[in-house]
Amino acid sequence: MAYSKELIDHYENPRNVGSMEDDAGDVGTGLVGAPACGDVMKLQIKVNPEGIIEDAKFKTFGCGSAIASSSLVTEWVKGKTVDEAGEIKNTDIAEELALPPVKIHCSVLAEDAIKAAIDDYKGKTGQTDTDAVGESQDAAE
Amino acid sequence: MNEVNAHSADAAKQTLKPCWSCKGPLAAGALFCSTCEAVQPPAPVDHFVRLGVERAFEVDVPALDRRYFDLQRQLHPDRFATKAPKEKALSQQQATALNDAYETLKDPLKRADYLVHLEGVGVLPEGCNLVQDQSILIEAMEMREKLMMADSMDTLNAIQRETKAEIDDVLTALSLAFKGADIEGACQLTTRLKYLDKMMGEVRQARARLLA
C-alpha cells in the first residue's frame, strides 16, 4: 500500500512541532489519545484578541498518519477564527492525506485534538461551548 | 467469580447436544465425542471456559500452559492425517479457537482487556479504548518525552526499570479492582497499562537503535 506524497511530506517534515505555555490565557491545549495503538497527541492554539488563531503547535507520539494528521491541522487552523477551526472535519483531513481506511481513526484523533484545544481556550476565556468532542467518532464509522 | 464459573460448568454439563457424526449425546464444550471419538466444532464459550480456568484476572500461567499444550497435542494434525476432510477441518477450527484463547489469557494486558469486555459489556460498550482520565495522557506524554531525550544506555535502563515498576503496580491494582468487581476502575487501569506496554516497546526500540 502506497501512502500519498502529502502524507509522507507531513511525516518527514512535520510543521509546527513544539509546545506553548499551557497556563497562558490566550493558549488552548488539547490532549487526546488512542489507547488501542498507544498514541498520544497534544495540539495547542494561540488566539489573538481578534479571535484569530495566530499560532499552533503540536506534539504527537504515534504512527506516521497520526503525526501527519496533527501536522496538517496546525497548518490549517492558522489564520482561522476559533469557530472556523472548530468546523474542521476528520473527513477533510483523511481526504487531504489520502489516509487508508485503517488509518481513518488518526484523522479522528486530530479532529478531537483541535476541538479539545478550542474547548480549553473557550473555557479559559469564559465562553461556553457545547460541541461534543465525541461527535467526530460517528463521522469515522 | 466461583459462582459464575460453577454456573457455566453446570450449563456445559446440562446442555447435551447430539454429536454431528454419530448423533450420540455430547456435553457442550467437549473436544471429542465420548461415543464415536469424532472431533467436535468449537463451542461458543468464552476463553476461560475453553481453557478450563477460573474466570479471574489472576491466572495460574504454568497450569494454563499445561492445559493448552495438552489440548493442542490432542488436536495435532498428525492425529488427523487419515481422518475425513470434515474432521480435519474441525480439528483446525478447534486449534485456532484454542490459540485465540491462549494468546488472550497468557498476556496480562490482553487478559485485562478481555475480562473488562466480558464483565463490563453493559456499562462499557467501548471497552477500554476511550480515555476518561486526562492524567493517563499527561503521564504518557511525559514518559514519551523523557524517552525521546534519552541518549545513553544508562538512561534507557533507568527508564525501563521505572516503566517495569509502574507496570507491576498497575497489575497489582488491576488484580484488586477485578476482585472487588470494580469494572470501571479496572478499565482505567487497563487503559494505563496499554500506554505502559507501548512505552516498553518503544524503550526496546530505542535500545536497539542505540546499539546499532
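Coordinate-derived values only; no laboratory data. As the structure is a computational prediction, the values presented were derived from the model and not from experiment. A quick note on method: Cβ atoms are made from the backbone with ideal geometry, for glycine too, and the neighbour counts reach across all protein chains shown.
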Quiz item: Across segment B:72-89, in residue order, what do the Karplus-derived ³J(HN,Hα) couplings come to in whole Hz, using 6.51 cos²θ - 1.76 cosθ + 1.60 with θ = phi - 60° and x for Gly and Pro?
Solution: 5, 4, 5, 9, 4, x, 4, 6, 10, 4, 9, 7, 5, x, 4, 5, 4, 5
Exercise. Sum up the charges of everything whose Cβ sits under 14 Å from the Cβ of B:Pro108, counting Lys and Arg as +1 and Asp and Glu as -1, but leave B:Pro108 out.
Key: -3
Quiz prompt | Lys, Arg +1 and Asp, Glu -1 on Cβ, resulting dipole of the protein assembly as shown about Cα centre, debye, nearest 20 | solution = 2080
Practice problem: Would you mind ranking B:Ser21, A:Ser107 by Cβ crowding within 10 Å, fewest neighbours first? | Solution: B:Ser21, A:Ser107
Practice problem: Express the relative contact order of segment B:89-212 as a whole percentage, based on alpha carbon pairs under 8 Å and six or more residues apart in sequence. | Solution: 32
Self-check item: CD proxy at 222 nm, helix term only [per DSSP H run n ≥ 4: -39500 (n - 2.57); per residue of chain B; nearest 500]
Solution: -22000 deg cm²/dmol
Quiz item: What number, in percent, do you get for the relative contact order of segment B:3-106 if the mean sequence gap of Cα pairs under 8 Å and at least 6 apart is divided by its residue count?
Solution: 25
Quiz item: Which of these, B:His117, B:His76, B:His47, has the largest mean-square fluctuation under a Gaussian network model of chain B (Cα springs below 10 Å)?
Solution: B:His76
Quiz item: Of A:Lys57/A:Lys122; A:Lys59/B:Lys106; A:Lys57/A:Lys115; A:Lys59/A:Lys89; A:Lys5/B:Lys146, which ones are farther than 23 Å apart at the Cα?
Solution: A:Lys59/B:Lys106; A:Lys5/B:Lys146
Quiz item: Angle, helix B:108-119 long axis vs. longest principal axis of chain B, Cα atoms, 0 to 90°, nearest 10?
Solution: 60
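Count the DSSP beta bridges whose two residues both fall in the protein assembly as shown, then state the antiparallel fraction as a percent rounded to the nearest 5.
95
Could you estimate the translational diffusion coefficient of segment A:5-124 from the Stokes-Einstein equation, with Rh from the Kirkwood formula over C-alpha pairs, at 10 °C and 1.306 mPa s, in whole µm²/s? Walk me through the numbers on the way to the answer.
Numbers: Rh = 13.8 Å.
Taking Rh from Cα pairs, D becomes 115 µm²/s.
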Quiz item: Over chain B, what relative contact order in percent results from Cα pairs under 8 Å that are six or more residues apart?
Solution: 17
Quiz item: Once every DSSP H run of n ≥ 4 in chain A is given -39500 (n - 2.57) and the sum is divided by its residues, what mean residue ellipticity at 222 nm do you get, rounded to the nearest 500 deg cm²/dmol?
Solution: -13000 deg cm²/dmol
